[in-house]
Every structure is written in C-alpha cells, then in structure tokens.
Amino acid sequence: MASLRHHNMTIPAVSERDPVGAKYLDPVLEVFKKYIFCERECTIGCQAWFDVNTGADGVTEVVVWVEKDCDELELPFSPAHVKQAAIHIVFVPPGSVCWYDFTFHEPEPAIFMCSKNSALIKRLQAAKKAFDAEYVILTDELHAAVFDQFEECVDVGWSSVMAHHGPLPPLSEHISLRCIIGAALNNAFKEDYHYTGRVQSPYHMLGALNHIMDHGWEGPSVAINEDPQDFSDFDLYTMQRHLPDLYGFLKWKNNAQNATVSQPLNVDAILDVDVDAFSRQEFLLKFTIPLDKPPQESQDIVMDASRGLRDPDIDEILARADGTLQFKITEVVRSRPDTYSRIFFGQLCWTSGPLARVECQTPVCLKLFDETWFPLPTLAQCAYEHMNSDEHNRLRTVQFATDMMRHEQAVYDRLKYLQGSMLPHAYGFHQFTLPDGRKVYGFLTEVIQGTPLSELSFEQWPLPVQLRTVSRLRHAVRALRYGGVQQGDWHLGQILITKAPPLPYHTMAHDTDVSVVLLDFAFTELRLGSVLGPKVAELFRSYDKLGQELMEPVTFKELQYGDKTWFPDDDLEL
C-alpha cells in the first residue's frame with residue numbers, strides 16, 4: 001500500500017477499549033473500498049465485510065468475507081454460496097500465547113513444542129477447517145502470526161507461516177496489525193481484484209497499417225520520409241510488420257554511420273548550440289507525485305562530498321538571448337560506433353557580430369545522442385526475429401535519442417538537490433549542429449574528475465574500504481529509488497570514484513573513504529505517478545541489480561545480501 005502514500009485518508013481516532021472491528025477492520029476495509037473496489041466495473045467479486053464473535057473465554061474471532069465472482073458460482077445456489085471466507089482473525093488476551101514457540105524459519109515445518117500453545121493450535125486448526133479462510137491470523141494485539149495452512153503432526157500442529165522469519169517482532173507503526181490484515185486480505189483476493197501497485201509490462205507500439213502484399217525484402221517501402229536524417233523519419237510500427245521498410249531503415253543506418261565515421265568529431269571541432277531546444281521541440285516526462293527524499297542518514301552520506309554550487313559563468317553564457325553560442329571540443333572522451341552516446345569535454349563560446357565575443361573558461365561535458373552511431377540488430381538477426389517473434393516484440397532493442405534524452409532530463413530535473421554531490425551539475429538539454437550540418441540532441445554537465453569503478457581493481461582494496469564503498473552505493477541507490485528512479489542497466493562504468501585510492505592498494509589505510517558520482521540515466525525506469533491513477537506511486541516493474549553486479553563471486557566475497565552494508569529495500573523503494 002506504499003504506492004498510495006500520497007493520498008490522504010482520515011482514520012477515525014480509536015482507543016484501546018474500542019471493539020477490534022472499529023480499531024482494525026473498519027479502517028482496512030475503508031482503504032479497499034476507496035482505492036481498490038471503486039475501480040471495478042462489477043459489484044460481484046469485489047465486496048468485503050466481517051462478522052465478530054466473542055466467546056466466554058475472552059477470545060474474539062473475526063471472519064472477513066468476500067463475494068465470489070459470478071463465474072465461480074454453481075447453479076442452483078443459495079445465498080451461502082456467494083460468499084467466501086478470506087481471512088480469519090483470532091484475538092486472544094495478552095499472555096495467552098508463548099510467542100517464542102513461533103520463532104521458526106520457512107520452509108522447514110514448524111513443530112510447536114510449548115504446551116501452552118497446544119489448545120490454541122487445535123483451535124486455529126478447527127477454525128481453518130470450519131471456514132476454510134485463505135489466511136488465519138493469530139494476535140494478542142502485541143504480536144501477530146499469519147498462517148496459510150495446517151497439517152497434523154503426531155499430537156501437535158505445525159504450519160507454514162507467511163511474513164515472519166525468525167523471532168516475531170512486536171507490532172509497531174512499521175509493522176502494524178492493520179498492515180498485516182490488509183496484506184492478507186489483498187493476497188486472498190483473486191488476481192482481478194488483487195492490488196499490486198505495479199505496472200506489469202510496457203505498452204505495445206500502437207498504430208495502423210493497411211494490408212500490403214508480401215514482397216519480401218525487395219518490395220517498396222510505405223513509411224519512410226524523403227531524405228531521412230534520423231530515426232524519426234522511419235515508422236517503428238511499420239518496420240515491425242513490413243520488411244521493405246525495415247530493410248530501408250537498416251540500409252540507411254549503415255550508409256549514415258559510414259558517412260559520419262569518415263568525418264569524426266576531433267579536438268577543435270565547433271558545434272552550434274540551440275539552447276533549450278529539446279524542451280521547446282519535444283514533450284517532456286513529468287513526475288506527478290511529490291518528491292520523496294530518503295531518510296536523513298542516506299541524505300547525509302550521499303551529499304557529504306559536495307563539489308560546490310553551479311558554475312555561474314556557465315549559467316550566464318547559456319542565458320544570453322542574442323548572438324550565437326558554440327561548443328568547442330577540447331577532448332574526445334568517447335566516440336566510437338555502435339554506442340548510444342558520444343562524450344566530449346569542451347568550452348562554450350558566445351559571439352554577436354564581429355566584435356562581441358565571450359569565452360567561458362570553465363570546461364563542460366557534452367553527452368551527444370547521435371542515432372547514426374547507435375547499435376542495431378543485423379539484417380540476419382532481424383530476419384530471424386521476423387520469422388520467430390510476434391509483431392509487437394520485434395525491434396525491441398531499437399532505441400531513440402528523444403526517449404533517452406527524456407529520461408536523462410527527467411532524472412536530473414527530479415533530483416536537482418543531488419546535483420553537485422551524488423550527480424553531476426546539469427547545464428541544460430540542447431540541440432547541437434554538427435560540422436556536417438546534422439542536428440543532434442545532447443546535454444551538458446560539469447566535468448567530473450574521477451575513475452570508473454570498472455577500471456579499478458576493486459577486489460584488491462582492503463575489505464573495510466570495500467564495505468564502506470558498497471554501503472555508500474546502497475544509500476545512493478536508495479536516494480534514486482525514493483526519487484522515483486530505477487536504473488535499468490547497471491554496470492560499474494556508470495559509477496565514478498572521485499577520490500582516487502592510493503597505489504599500490506595494499507598501502508591504502510583501512511579508514512580510507514571514497515566518494516561516488518552516478519552517471520547515465522537514459523535507460524532508467526521512472527515512477528511518474530500517472531500510470532495507475534492520479535498520485536499513485538506505482539511500484540517498479542524490475543528490481544535493482546547493482547547489488548548483484550557488485551557481489552560477483554570474485555568481488556565482495558565476504559558481503560551478503562541483507563546485512564547492514566547492502567541493507568534490504570524499504571517500502572518506499574519498491
């Protein structure tokens with residue numbers, strides 16, 4: 001339910017003496033009614049209510065009922081057939097349960113040994129048989145255990161228990177009885193009414209195409225603009241279905257790449273800059289939910305190595321309204337075919353007429369998305385895909401510069417407060433005119449002096465330094481995910497170590513600390529908050545893989561998932 005955290009809901013004030021229905025069931029069912037059932041067109045199959053029965057022994061049993069879906073009903077049926085027990089909650093007085101007896105681990109069978117629990121276990125088994133609820137919850141309002149099945153074992157019962165591993169923690173604001181009841185009820189519902197908060201899969205490409213005779217690769221194309229300049233002059237939907245258009249695209253890409261490779265961008269090359277052209281000419285991705293910042297501990301760690309404020313000279317030259325702004329390359333950092341971006345260091349220069357000229361002495365980094373250099377599947381790969389894949393699954397690896405720019409822009413805008421520490425300062429998303437006349441999107445950032453983690457022999461560092469660095473990266477990942485950003489293609493080249501460790505590594509002091517800067521957000525998954533409804537912070541489709549990347553067998557061999565170094569995700573990260 002963390003996905004609904006930006007919605008407001010008033011929970012009536014209750015006291016310890018109020019009935020359990022008012023304290024726990026009414027608030028939970030109100031959430032289901034307001035946020036889950038209201039989105040269903042039907043009324044059968046998505047209603048819930050509860051019955052309460054208190055015995056003379058002080059034990060209160062609550063059964064939460066749900067309506068069966070019409071398709072599940074057997075004719076003829078009586079009213080008793082249209083309801084099904086979802087969860088059965090047994091409230092016992094404090095002191096009546098030996099909770100230590102519940103400290104077992106899945107998937108091993110749990111043998112209850114304490115005689116104090118013997119009668120209670122039999123009662124829970126009888127409740128399961130009588131109502132056949134999906135889950136049985138036992139609680140004294142201080143602890144809770146959730147069962148999904150019971151089996152006989154000699155004269156005592158054992159069960160598989162959901163949600164508890166090891167000693168049962170006391171109920172608290174972090175693990176509340178309401179949350180446990182809500183989770184069990186949600187899991188008890190059929191898939192159609194089960195709330196996940198997760199977007200299941202990307203949408204397929206939509207379009208329309210008249211029926212065209214299949215001429216193989218040699219037929220005429222139908223959706224290629226005259227004199228194409230970039231990928232936008234081709235139609236992806238058509239290329240997924242019409243071989244001549246796909247062939248024309250691959251042929252153009254091959255010729256365009258050969259032409260641009262023969263005219264490389266070298267030192268002293270000049271590129272005209274159309275400031276902020278990207279936001280004027282393309283739609284941007286917008287977050288619709290408030291920014292969640294991570295806990296203060298994480299903020300302190302990821303922001304403790306600040307590199308200072310933005311450079312005012314760069315901002316000033318970008319803000320000049322008239323004249324011509326140019327970028328002069330001073331260093332080629334990366335520029336090779338079959339890569340998604342080209343990286344250059346350089347300086348900005350503004351001119352207006354023959355006399356007015358301003359040069360910014362502060363170097364900047366340009367990341368250029370030139371589609372003629374992008375990797376594409378080969379003709380043979382496309383032919384195989386055309387024969388063996390559904391239309392909407394073809395060319396899934398083809399990327400577009402505009403999409404990559406949108407993601408980079410959205411991340412830097414969303415996480416402004418991390419620029420200058422965990423992220424580089426960003427200086428705008430522009431369009432650049434290359435010497436051959438082509439216009440290409442790119443963006444400017446500060447120049448970060450550092451070494452990619454992929455180029456360092458990290459496994460040779462002293463173990464305390466390794467663990468400290470991994471902990472810093474874990475807090476950085478938390479900051480990203482709290483902000484609604486999930487990196488989709490983690491690799492160690494995206495992590496810059498800005499405090500270079502001394503060589504040789506065995507001389508490194510065990511208290512050495514390093515700073516990290518994260519790069520490359522073109523393939524991120526963004527939690528925009530608009531997919532599942534207004535202000536719903538949808539869960540990410542995928543899970544963060546940086547921890548796995550760091551914990552290869554050779555690297556961090558003594559580090560395990562779930563410890564205090566790479567700690568588990570909390571609800572706001574999912």
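The values are calculated or read from the model by the stated rules, or taken from the named source; none is laboratory data. Since we're looking at a predicted model, the values are computed, not measured. Glycine also receives a Cβ, built like all others from the backbone with ideal geometry; neighbour counts cover every protein chain displayed. Only protein heavy atoms, including side chains, enter the accessible area calculation; ligands, DNA and RNA are left aside. Shrake-Rupley method; radii C 1.70, N 1.55, O 1.52, S 1.80 Å.
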*State the Cα centre-to-centre distance between the range 420-493 and the range 278-329 in whole Å.*
14
*If you bin the C-alpha pair distances of the range 241-290 every 5 Å from 0, what whole percents do you get?*
4, 13, 10, 10, 14, 20, 13, 9, 6, 1
*Calculate how large, on average over all directions, the projected area of the Cα convex hull of the range 451-552 is; give the answer in nm² to one decimal.*
6.7
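Pull out the extension gain between ASP276 and ASP413, defined as 0.36 nm times the separation in residues minus the alpha carbon to alpha carbon distance; nm, one decimal.
Values: separation 137, 0.36 × 137 = 49.32 nm, distance 1.35 nm.
Full-extension gain reported as 48.0 nm.
To two decimal places, what compactness ratio does the range 207-366 give when its Cα radius of gyration is scaled by 2.2 N^0.38 Å? Before the final figure, lay out the partial values.
Numbers: Rg = 22.4 Å, N = 160, 2.2 N^0.38 = 15.1 Å.
After normalising by residue count via 2.2 N^0.38 Å, the value is 1.48.
Between VAL333 and MET9, what is the FRET efficiency for a Förster distance of 60 Å, r being their Cβ-Cβ separation, to the nearest 0.05?
Details: r = 51 Å, r/R0 = 0.84.
It comes out at approximately 0.75.
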*Pop a pseudo-label 7 angstrom from the Cα along the beta-carbon direction at both THR507 and GLN84 and give the gap in nm to one decimal.*
7.0
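Near CYS360, within a Cβ-to-Cβ distance under 12 Å, what is the net charge of the other residues, with Lys and Arg +1 and Asp and Glu -1? List each step's numbers first, then the result.
Numbers: positive: ARG320, LYS328, ARG357; negative: ASP311, ASP313, ASP315, GLU316, GLU359.
After counting each charged neighbour, the total is -2.
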*By per-residue mean of other Cβ atoms within 10 Å, what is the highest-first order of 300-306, 416-422?*
416-422, 300-306
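Counting only other residues whose beta carbon sits under 9 Å from that of PRO424, what net charge do I get with K and R as +1, D and E as -1?
On the way: positive: ARG307; negative: GLU446.
Result for the local shell: 0.
Ranked highest first by average number of other Cβ atoms within 10 Å, how do 269-279, 221-231 line up? Can you show the working numbers first?
Numbers: 269-279: 17.4, 221-231: 14.5.
Ranked by mean Cβ neighbours within 10 Å, highest first: 269-279, 221-231.
Tally up the carbon and sulfur contribution to the accessible surface of the range 451-552 as a whole percent, 1.4 Å probe, everything protein left in place. Don't skip to the end; give the middle numbers.
Details: 2030 of 3830 Å².
It is 53 percent, rounded to a whole number.
How much length, in nm to one decimal, is gained on full extension between GLN381 and VAL222, taken as 0.36 nm per residue of separation minus their Cα-Cα distance?
Values: separation 159, 0.36 × 159 = 57.24 nm, distance 2.21 nm.
The GLN381-VAL222 span can extend by a further 55.0 nm.
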